[in-house]
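K.L.:
Handing you a structure now.
The values are calculated or read from the model by the stated rules, or taken from the named source; none is laboratory data. These numbers come from a predicted model, not from an experiment. Here the Cβ positions follow ideal geometry from the backbone for every residue, glycine too, while neighbour counts run over all protein chains shown.
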Ligand SMILES: CC(C)(COP(=O)(O)OP(=O)(O)OC[C@H]1O[C@@H](n2cnc3c(N)ncnc32)[C@H](O)[C@@H]1OP(=O)(O)O)[C@@H](O)C(=O)NCCC(=O)NCCS
């Protein structure tokens, strides 16, 4: 069965791949995406204790050192990949994430926005997810008024999917999330 024929099969395989094959780091486009480390916790707080991240993501607000420790523990779980976005492999500037079900996400620290970091990091992780992990369908969930996130999704080749928007509650706020998709191109010559 081809990958693009069944995203459920792709997703099962992805869970196994995320479990057994963690990349350590992904490099390209002037970035190194690497695993979070214990020494990053204060930097994580500096990056994530911020109003846009509080509003647009499920992260706790305020985001404390204890929350950073929890996130590091979550980063080690086998069904997800949480990678620090860095320019040089050292100082974290943000995060990209991938789940075994093919959902991606991103957040960049406020001082580092507008430099193309989210777009480049998303493209790196998108290609890894389609390639090494074997996920045929990737999804982003974005509020319709999150213009910068929509710009990132479009720059990385995602399109608004046909699935109905999802409604979730984050920190007592009702959020409508449009589902954006990136689908592995169908191999040429295959119907
Ligand atoms: C969304 C976010 C990750 C973007 O990070 P970033 O590194 O600044 O993004 P990029 O620099 O790659 O910008 C991509 C595009 O968005 C555009 N953009 C940035 N802010 C914008 C805004 N407010 N309105 C419209 N476009 C915007 C940029 O100009 C760029 O387009 P360009 O290449 O044509 O110039 C960052 O703003 C963030 O962390 N926000 C809070 C968390 C969040 O919303 N995460 C996504 C949840 S779905």
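K.L.:
Which residues, taken from the stretch 117-136, are outside any helix (DSSP H, G or I) and surrounded by fewer than 21 Cβ atoms within 10 Å (Cβ to Cβ)?
P.N.:
Here is the first cut: in the stretch 117-136, the residues outside any helix (DSSP H, G or I) are 134-136.
Listed by number, the list holds a single entry, 134.
K.L.:
Mind listing whichever residues of the stretch 151-178 are within 14 Å of residue 141 (Cβ to Cβ), in a loop (DSSP other than H, G, I, E, B) and within 18 Å of the chain's Cα centre (by Cα)?
P.N.:
158, 161
K.L.:
Another question, then. If you check residue 131 against the conditions, is it out of contact with any helix residue (DSSP H, G or I) (no Cβ under 9 Å at 6 or more places or on another chain) and under 25 Å from residue 35 (Cα atoms)? Even if it seems obvious, please write down each step before you answer.
P.N.:
Values: out of contact with any helix residue (DSSP H, G or I) (no Cβ under 9 Å at 6 or more places or on another chain): yes; under 25 Å from residue 35 (Cα atoms): yes.
In short, yes.
K.L.:
Of all the residues that make up the stretch 146-191, how many are under 18 Å from residue 119 (Cα atoms), near the ligand (Cβ under 10 Å from one of its atoms) and either free of Cβ contacts under 8 Å to residues at least 60 places away in the same chain or exposed (fewer than 13 other Cβ atoms within 10 Å of the Cβ) (or both)?
P.N.:
10
K.L.:
Kindly evaluate residue 114 against the criterion of being under 24 Å from residue 46 (Cα atoms), loosely packed, with under 12 Cβ neighbours inside 10 Å and near the ligand (Cβ under 7 Å from one of its atoms).
P.N.:
Numbers: under 24 Å from residue 46 (Cα atoms): yes; loosely packed, with under 12 Cβ neighbours inside 10 Å: yes; near the ligand (Cβ under 7 Å from one of its atoms): yes.
The answer is yes for residue 114.
K.L.:
While we're looking at this one, here's another question. For the stretch 101-108, does any single residue satisfy the condition of being at pLDDT below 95, touching a helix residue (DSSP H, G or I) at 6+ places or on another chain (Cβ under 6 Å) and under 23 Å from residue 60 (Cβ atoms)?
P.N.:
Scanning the stretch 101-108 turns up at least one residue that is at pLDDT below 95, touching a helix residue (DSSP H, G or I) at 6+ places or on another chain (Cβ under 6 Å) and under 23 Å from residue 60 (Cβ atoms).
K.L.:
Residue check, residue 88 against (1) surrounded by fewer than 21 Cβ atoms within 10 Å (Cβ to Cβ); (2) in a helix (DSSP H, G or I), all met but one. Which one?
P.N.:
Checking residue 88 against (1) surrounded by fewer than 21 Cβ atoms within 10 Å (Cβ to Cβ); (2) in a helix (DSSP H, G or I), the one that fails is (2).
K.L.:
Which is assigned to a loop (DSSP other than H, G, I, E, B) and under 17 Å from the mean Cα position of the chain (by Cα), of 62, 23?
P.N.:
Values: 62 fails: under 17 Å from the mean Cα position of the chain (by Cα).
None of the others qualify; the one that does is 23.
K.L.:
Would you check if residue 81 is within 17 Å of residue 99 (Cβ to Cβ), touching a residue at least 12 places away in the same chain (Cβ under 8 Å) and either assigned to a strand (DSSP E or B) or within 16 Å of the ligand (Cβ to nearest atom) (or both)? Show your work before the answer.
P.N.:
Working: within 17 Å of residue 99 (Cβ to Cβ): yes; touching a residue at least 12 places away in the same chain (Cβ under 8 Å): yes; either assigned to a strand (DSSP E or B) or within 16 Å of the ligand (Cβ to nearest atom) (or both): yes.
Yes, satisfied.
K.L.:
Report whether or not residue 47 is modelled with pLDDT of 95 or more, crowded, with 18+ Cβ neighbours inside 10 Å and not in a loop (DSSP other than H, G, I, E, B).
P.N.:
So residue 47 fits the description; yes.
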